[in-house]
1. Among the residues of the stretch 259-293, write down those that are hydroxyl-bearing (Ser, Thr, Tyr), modelled with pLDDT under 95, in a helix (DSSP H, G or I) and in contact with a helix residue (DSSP H, G or I) (Cβ under 7 Å, 6 or more places away or on another chain).
2. Which of (1) modelled with pLDDT under 95; (2) surrounded by fewer than 23 Cβ atoms within 10 Å (Cβ to Cβ); (3) not hydroxyl-bearing (Ser, Thr, Tyr) does VAL222 not meet, given it meets every other one?
3. Using beta carbons and a limit of 8 Å, which pairs, at least six apart or on different chains, have the first residue in the stretch 15-30 and not polar (S, T, N, Q) and the second one not in a helix (DSSP H, G or I)?
4. Looking at the stretch 27-46, can you tell me whether even one residue there is of a type in the set (A, V, I, L, M, F, W, C), in contact with a Phe, Trp or Tyr (Cβ under 7 Å, 6 or more places away or on another chain), open to solvent by less than 50 Å² (accessible area, probe 1.4 Å) and closer than 30 Å to GLY140 by Cα?
5. Considering only residues that are in contact (Cβ under 8 Å) with a residue 24 or more places away in the chain and among the aromatic types (Phe, Trp, Tyr), which ones fall in the stretch 33-76?
6. Restricting attention to the stretch 204-243, report how many residues are assigned to a helix (DSSP H, G or I) and closer than 20 Å to ILE154 by Cβ.
7. Given the condition assigned to a helix (DSSP H, G or I), among the polar types (S, T, N, Q) and closer than 21 Å to LEU27 by Cα, answer yes or no: does some residue in the stretch 179-201 qualify?
8. Of the residues VAL127, VAL155, only one is touching a residue at least 12 places away in the same chain (Cβ under 8 Å), in contact with a helix residue (DSSP H, G or I) (Cβ under 8 Å, 6 or more places away or on another chain) and of a type outside the set (Ser, Thr, Tyr); which?
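The values are calculated or read from the model by the stated rules, or taken from the named source; none is laboratory data. All values reported here derive from a predicted model rather than from experimental measurement. Please note: Cβ atoms are built from the backbone with ideal geometry, for glycine as well, and neighbour counts cover all protein chains shown. The area values use the complete protein model at the heavy-atom level, side chains included, leaving out ligands, DNA and RNA. Shrake-Rupley method; radii C 1.70, N 1.55, O 1.52, S 1.80 Å.
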Amino acid sequence: MSAPIVTRATRASRNAMVIGAVALIILAAAPWWAGRADMRLMSEIFLYLSLACLWNLMAGYAGLVSVGQQAFVGFGGYMLFALTIWGGLHPLVAIPLGGVLAAILSIPIATLIFRLKGAYFAIGTWVVAEVFRLSFAQVGALGGGSGSSLPVGIVKSLAASRSGREALSYWLALGSAVVIIGAVYLFLRSRRGLALTAIRDSEVAASGLGIDIWRTKLEVYVVTSAFTAVIGGLIFLQKLRISPDAAFSVNDWTAFVIFIVVIGGIGTLEGPIIGTLLFFLLRETLADFGTIYLLVLGAVAIIVMLKAPKGVWGLVRDRFDLELFPLSYRVRQQPNQKGP
């Protein structure tokens, strides 16, 4: 006979933790072994991964399917420029402050758009993003519709040399991905995360258990908006130039992110990681084929939704019973200890 024990950790999750730690050390040392182009590509991968994890938390767990998260990407980028140019703040201070301002701004926005349901909510978030784009296009001090570049003095305040600035931007992108993945993981393991998972599975049942659905969704929306604005600031810190069309691009900051989450596996932590790697593999392979690249992305998304509605990771998880981030409880048998 054996006594059952309840645990979250599995052999796969423990192995994944070790592999992840080794990979993190190697990636952190990239400025000493990777080329300039490689570092820029990896930085972009980390930033898209961060956006995908945040959108997955909103849509995959809270049921808030937004097509307007570019509003906060652009807002974070413009706050970087405004706070550094007008306020004289250091970029590393302006970026998190932009996230705080985005969190404050997201509360009245949520109060308004949370009245909408389903497709109307998605359209409402897109309308909010368009309002942001048109509003910032009227700010002549930041270049209006043509945009503005970050002054040289502000850029040099990051580091004296170009290689130093590139290394710092890379580490900020890597750090943001690690922090966001870790924060989402810890949140989902908490009591609030358990409530969010219950809402994902059934809002009716969650409400019957006494979970405040509106408040829980509001908390998720505010937190994801703040982090999205921070990522927006990091994106345009690397680009060093901003314009309304680039900052509030639904194609770059929402459509591609949704594609990543859908093909990877919505409602899982592993899904955005798998989806980001697949997206950049397709992009780098097909980038020279022009519009065919977008057609292939669309075809891949359709095939995955038809053949694997839970995404690539959902297919792998169901077939092999894998979970790299131990969120679910498992019951396993432990052999009884025999006496001497």
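1. Filtering the stretch 259-293 for residues hydroxyl-bearing (Ser, Thr, Tyr) gives 268, 276, 285, 291, 293.
When the remaining residues are screened for being modelled with pLDDT under 95, the result is 268, 285, 291, 293.
Checking the rest, the ones that are also in a helix (DSSP H, G or I) come to 285, 291, 293.
Residue satisfying the conditions is TYR293 alone.
2. (1) is the only condition that VAL222 fails.
3. ALA16/LEU324; ALA16/PHE325
4. Within the stretch 27-46 (the criterion being of a type in the set (A, V, I, L, M, F, W, C), in contact with a Phe, Trp or Tyr (Cβ under 7 Å, 6 or more places away or on another chain), open to solvent by less than 50 Å² (accessible area, probe 1.4 Å) and closer than 30 Å to GLY140 by Cα), the answer is no, since none of the residues qualifies.
5. PHE46, TYR48, TRP55, TYR61, PHE72, PHE75
6. Of all residues in the stretch 204-243, those assigned to a helix (DSSP H, G or I) come to 204-208, 213-239.
Next, only the ones that are closer than 20 Å to ILE154 by Cβ stay: 229-239.
Of the residues in that region, 11 qualify.
7. Applying the first criterion (assigned to a helix (DSSP H, G or I)) to the stretch 179-201 yields 179-189, 191-201.
After this cut, where a residue has to be among the polar types (S, T, N, Q) as well, the list is 197.
Add one more test, that the residue is closer than 21 Å to LEU27 by Cα, and what stays is none.
No, the conditions are met nowhere in the stretch 179-201.
8. Working: VAL127 fails: in contact with a helix residue (DSSP H, G or I) (Cβ under 8 Å, 6 or more places away or on another chain).
After applying the criteria, what remains is VAL155.
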